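Below you'll find the structure, written out as C-alpha cells, and then a few comments.
Derivation of every value follows stated rules applied to the coordinates shown; laboratory data play no part. What you are looking at is a predicted structure, and each value in this text was computed from that prediction instead of being measured. Positions of Cβ are backbone-derived with ideal geometry, glycine not excepted, and every protein chain shown enters the neighbour counts.
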C-alpha cells in the first residue's frame, strides 16, 4: 500500500491499495505528465489525489472531489500515462462542457493521452536518476502508435457523424479518429491548449457547429487561427463560413 507525494507538484498525491511493484517509476511517469501540462500553461490550481485501486470500474475524473481514478497496475506505465493524461485533461477544464461539445471534450482528452505519451518517449529518456524508466521511454511512443494506427486510417467525413456524437459522446472509435486528426494540429500549434479550458464556457442550447464558433470567441485571441483549422478538420465550419 502506498500514499506518496508527487515529486515536483505540491498538493498532488498518489494512492495505491496494492503492494509491491515499481511505485517510484510509476509515480515519476505520472509526475512527468503533469509537467507536460505545466509547460502548456495549464494549471488547475487545485489539489489532486490520484488513486489506483481495485474497485474502480475504469479510469475517471471526479472534479468536485479533486480525484482521478486509474484502472491499471504498477507494471503498466504506458497504460497509466494514457489513462492519467486523458483524465488530467478533463481536470484542466474547470466546469461541465455543453452537451453538443462533450464528444469534442472526449476527443481532445483522448488526443492529450497521445500527446503526452509522445512527449514522455523523448523526455523521460533523459532521466538519468531513473534508469529503468529511461530505458522504457521508447515504449510510450510505440503504445501510442499501436492505438492510433487504425484510427488514423478511418473515415471522419460522414454527414451524420456529428448527430451520432452529440447523442453519444463516448463513441470511442470516433473519439480516437478525431484524436488522430487533432494530434498534429496541437503538436504544430501548442497554443491550442490555451483554448481547452474555455470549452466549459460554452452555454447549452446550440448545435455542435455553433457551439464550436462560440468556443472560438471565448478562447484567447492568439488561439483563433489554429481553432479555425481545427474546426475545418472536424467539419465544424458551415460551408458558407469556409
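In what sequence do 88, 136, 126 fall when counting other Cβ within 10 Å, fewest first? Before the final figure, lay out each step's value.
Values: 88 24, 136 19, 126 9.
Taking fewest neighbouring Cβ atoms as first place, the list is 126, 136, 88.
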Two-site FRET efficiency, residue 49 against residue 24, from Cβ-Cβ distance with R₀ of 25 Å, rounded to 0.05: 0.85
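If you rank 41, 76 by fewest surrounding Cβ atoms within 10 Å, what's the result?
Starting with the residue having the fewest Cβ neighbours, the order is 41, 76.
What fraction, in whole percent, of alpha-carbon pairs in the chain exceed 23 Å separation? Please list the in-between numbers first.
Values: 14162 of 29161 pairs.
Looking at the chain, the distances longer than 23 Å represent 49 percent of pairs.
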Taking the C-alpha atoms of the stretch 2-91, convex hull volume expressed per residue in Å³: 85
Residue among 172, 146, 119 with the largest mean-square fluctuation in a Gaussian network model of the chain, springs linking Cα atoms under 10 Å: 146
Stretchable slack from residue 222 to residue 135, in nm (0.36 nm times residue separation minus alpha-carbon distance): 27.5 nm
Dimensions (Å) - the stretch 120-162, Cα atoms, principal axes, largest first: 51, 15, 10
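What's the FRET efficiency of residue 31 with residue 149 using the Cβ-Cβ distance as r and R₀ = 25 Å, to the nearest 0.05?
Details: r = 29 Å, r/R0 = 1.14.
Step by step, r from the Cβ atoms, then E = 0.30.
Can you give the % of DSSP beta bridges in the stretch 2-91 that are antiparallel, to the nearest 5?
Working: 7 of 16 bridges.
Here the antiparallel bridges make up roughly 45 percent for the stretch 2-91.
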Taking 120, 70 and counting other C-beta atoms within 10 Å, the order from fewest to most: 70, 120
Alpha-carbon centroids, the stretch 23-80 and the stretch 97-141: separation in whole Å: 12
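Stretch residue 128-residue 99 to full length: gain in nm at 0.36 nm per residue minus the Cα-Cα span? Could the numbers behind the result be given before it?
Details: separation 29, 0.36 × 29 = 10.44 nm, distance 4.52 nm.
In short, 5.9 nm is gained.
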Against the rule of thumb 2.2 N^0.38 Å, how large the Cα Rg of the stretch 114-242 comes out: 1.23
The chain: most fluctuating residue of 176, 54, 79 per GNM, C-alpha cutoff 10 Å: 54
